[in-house]
1. Out of all the residues in region 75-89, which are touching a residue at least 40 places away in the same chain (Cβ under 8 Å) and either open to solvent by less than 20 Å² (accessible area, probe 1.4 Å) or not polar (S, T, N, Q) (or both)?
2. If you scan region 100-116, which residues turn out to be buried (at least 18 other Cβ atoms within 10 Å of the Cβ) and either more than 12 Å from the chain's Cα centre (by Cα) or of a type outside the set (D, E, K, R) (or both)?
3. All but one of (1) free of Cβ contacts under 8 Å to residues at least 40 places away in the same chain; (2) on the phi > 0 side of the Ramachandran plot; (3) surrounded by fewer than 18 Cβ atoms within 10 Å (Cβ to Cβ) hold for Asp134; which doesn't?
4. Within region 1-28, take every residue that is more than 22 Å from Asp90 (Cβ to Cβ) and of a type in the set (Phe, Trp, Tyr) and give me the one that is modelled with the lowest pLDDT.
5. Just give me the residues in region 128-161 being small (Gly, Ala, Ser) and under 16 Å from the mean Cα position of the chain (by Cα), in sequence order.
6. When the residues of region 142-157 are filtered to those that are more than 11 Å from Ile126 (Cα to Cα) and part of a helix (DSSP H, G or I), which remaining residue is most open to solvent (accessible area, probe 1.4 Å)?
7. List, please: which pairs have Cβ atoms under 7 Å, are six or more places apart or on different chains, and start with a residue in region 158-178 that is at pLDDT below 95 and loosely packed, with under 15 Cβ neighbours inside 10 Å and end with one that is in a helix (DSSP H, G or I) and among the hydroxyl-bearing types (Ser, Thr, Tyr)?
8. Which residue out of Gly31, Gly57 is at pLDDT 95 or above and more than 30 Å from Arg158 (Cα to Cα)?
Amino acid sequence: MFKIEIDSSKSFRVKFNELGKYQQNLVQESGLYFFHVNNKLKYVGKSEDLWKRFNGGYLKKDSKQHINANLLKLIESNPSSIEVIFVPMDKDLLKKKETIIIQRYIPEFNERENPREEIHAIQRVIGKIVDDSDREWTFSDMRNHLFNSWWKQVSYERIDKALADYKNLTKHCKQSQKKKTLNPKKKKIA
């Protein structure tokens, strides 16, 4: 079951086909939005004006705004099955929070920053985990941790490919291909 772990007393859930009723809540409000069907996260997006994004994009036929092709098909085929969660937040936090959520929940339709789609996204997650834990990880431990954290939706082969790419993985953490270990870039001072 999909559950957002964002602290926001201003967040709310809306049926897609009832979005027009919430215009006053969305006008000139920046934030994240989450498309989901049957509690399965399909897409995460961000906008500096949520109403403009929806009224000029998702709710408008022949929109000039970029709309994810898979999401558009879903909207056209069954809009009543879609719920949208809105999480208003400061503009300065949008990109960082969106990236964290995509990398953690791997939504089906997001492509950028999604470990399902991009090896470098897996490497960024590995670097963050290693730095945050401030300890050495074996490739095997990291591989199992990621596989289970992502509900077995990112294959071992894909994770292994990210671990084997020495040049790019080194941008995110120290590593030894010979010992098959990962270490934080900098030791934290207590």
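The values are calculated or read from the model by the stated rules, or taken from the named source; none is laboratory data. Treat the numbers as computed from the prediction; the structure is a model and nothing was measured. Note that each Cβ is placed from the backbone with ideal geometry, even for glycine, and that neighbours are counted across all protein chains shown. With ligands, DNA and RNA removed, areas are computed over all heavy atoms of the protein, side chains included. Shrake-Rupley method; radii C 1.70, N 1.55, O 1.52, S 1.80 Å.
1. Residues satisfying the conditions are Ile75, Pro79, Ile82, Glu83, Val84, Ile85, Phe86, Val87, Pro88, Met89.
2. If the condition is that a residue be buried (at least 18 other Cβ atoms within 10 Å of the Cβ) and either more than 12 Å from the chain's Cα centre (by Cα) or of a type outside the set (D, E, K, R) (or both), then Ile101, Ile102, Gln103, Tyr105, Ile106, Pro107, Phe109, Asn110, Asn114, Pro115 are the ones that fit.
3. For Asp134, the failing item is (1).
4. As a first pass, look at region 1-28 and keep what is more than 22 Å from Asp90 (Cβ to Cβ): 1-3, 15-21.
Next cut, of a type in the set (Phe, Trp, Tyr) only: 2, 16.
Values: Phe2: 51, Phe16: 92.
Across region 1-28, the extreme among qualifying residues is Phe2.
5. Of all residues in region 128-161, those small (Gly, Ala, Ser) come to 133, 140, 149, 155.
Passing the criteria: only Ser149.
6. The initial filter retains those residues of region 142-157 that are more than 11 Å from Ile126 (Cα to Cα), namely 144, 147-157.
Checking the rest, the ones that are also part of a helix (DSSP H, G or I) come to 144, 147-149, 156-157.
Numbers: Asn144: 58, Phe147: 32, Asn148: 85, Ser149: 49, Tyr156: 63, Glu157: 131 Å².
Per the stated criteria, the residue is Glu157.
7. Pairs found: Gln177/Tyr166.
8. Values: Gly57 fails: at pLDDT 95 or above.
After applying the criteria, what remains is Gly31.
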